[in-house]
Each structure stands twice: as structure tokens, then as C-alpha cells.
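What follows is a single structure, written as C-alpha cells, with notes after it.
Only the coordinates and a few stated rules stand behind these numbers; no lab work does. Computed from a predicted structure; not experimentally measured. Every residue, glycine among them, receives a Cβ derived from its backbone with ideal geometry; neighbour counts consider all protein chains shown.
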Amino acid sequence: MLYKGLIIGLFICGLTHVAKAQSNGIVEVQKDSLINLLQAFRAENGINPTTARMVSLGSKVVDKKNAKRVQVRGFRVQIYSGSSRNDAYAVQSRFQQEYKDFGSYVSYSEPNYRVKVGDFRSRSEANSFMRELRSQYSNVFVFTENVWVYE
């Protein structure tokens with residue numbers, strides 16, 4: 001109930017702000033900086049805005065030595081689920097040998113052990129990695145959970 005009241009209060013404050021801006025005759029436009037980047041990309045590559053295409057805006061390079069690690073809501077790829085503790089740790093070990101740059105995590109929720117890998121901010125990154133892992137592991141899935149990332 002408190003949550004509902006908070007939302008209504010924020011909505012009323014927003015309406016008041018809009019009404020105040022309109023009475024002054026001033027319109028303030030806020031645009032995400034990525035829009036300019038996307039428009040420039042389309043102009044350089046002759047992409048028609050009515051044609052649907054995947055666009056990569058590149059990945060943000062993080063200096064891990066100077067960055068701090070924080071926990072955020074993100075995605076992981078599950079590569080094992082089963083009742084054998086030994087199998088879970090064997091799968092984790094095999095994964096760590098092949099993918100040294102990705103974190104791997106073993107959890108236990110009765111009666112199953114689960115091995116999840118990666119710390120992805122976006123579902124698309126996790127899905128891409130999941131497709132790569134499908135040839136090596138069976139029953140691979142993407143899960144939403146708290147992950148560790150560098151900022």
C-alpha cells in the first residue's frame with residue numbers, strides 16, 4: 001500500500017513539474033547521449049531507419065586494477081544442474097580451464113547443485129555466451145540474479 005501511495009505521489013509531482021514548465025512557455029528536451037551515436041552510425045553506414053538490424057555500440061573497457069567491483073542485478077548462464085556435488089565441481093573446473101576470464105559459481109539448493117557462469121549486465125550478452133556454450137554443455141539456460149561487475 002505504501003508503494004502504491006509513493007507511485008501516486010511521484011506521478012502528481014511529475015504532473016506539477018510539467019504544468020509549471022508549460023506555464024513558463026519553456027520546453028526542456030532530454031535526450032540520451034546514445035541517440036546521437038546511433039544516428040551517426042546510421043548516417044555513416046547508409047542504414048535506412050525502417051530496416052531492422054542489430055547494432056553494436058561497442059563494449060565499455062574497464063581498467064580492473066582501478067575499478068571497484070559492485071553487485072548489480074544481471075544475468076548468469078547455468079551450465080550444470082544435478083544432485084552430484086562431484087559432477088558440479090568437475091564441470092566448474094573444466095569451465096575455468098577453458099574460460100579463465102569468466103567467473104563460475106557453484107550453489108546448492110536441495111536437492112540440486114547448480115553451476116552458473118559469467119557476470120553479465122545485459123541479457124543479450126548472456127544469450128550470446130549461452131549460444132557459444134551450448135555445443136559444450138547440455139541444458140544451458142540464462143538466469144537473472146545478482147552479479148559482480150566492475151565500475
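Could you give the dipole magnitude of the range 69-150 about its Cα centre, charging the beta-carbon of Lys and Arg +1 and that of Asp and Glu -1, in debye to the nearest 20? It would help to have the intermediate numbers written out before the result.
On the way: 12 positive and 8 negative charges, 27 e Å.
Here the range 69-150 has a charge dipole of around 140 debye.
As a footprinting exposure proxy, order D87, D32, D119 by other Cβ within 10 Å, with the fewest listed first. Mind dumping the intermediate values first?
Details: D87 13, D32 8, D119 22.
Fewest to most other Cβ atoms nearby, the residues stand as D32, D87, D119.
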Inset, instruction - Sticking with the crude label model, points 7 Å out along Cα→Cβ, report the distance from S128 to S83 in nm, one decimal please. - result: 3.9 nm
Inset, instruction - Give me D for the range 69-150 in µm² s⁻¹, whole number, from Stokes-Einstein with Rh from the Kirkwood sum over alpha-carbon pairs, 4 °C and 1.567 mPa s. - result: 102 µm²/s
Legend entry - Dipole-positive endmost among S81, S93, M130 within the range 69-150 (Cβ charges, Cα centre): M130
Inset, instruction - Can you pull the one-decimal nm distance between simple spin-label points at N112 and Q30, each 7 Å off the Cα toward Cβ? - result: 4.2 nm
Inset, instruction - Using label points projected 7 Å from each Cα along Cα→Cβ, tell me how many nm separate N66 and E145, to one decimal. - result: 3.3 nm
Legend entry - Spatially proximal aspartates and glutamates relative to K65 (Cα-Cα < 12 Å; intrachain offsets below 8 disregarded): E151
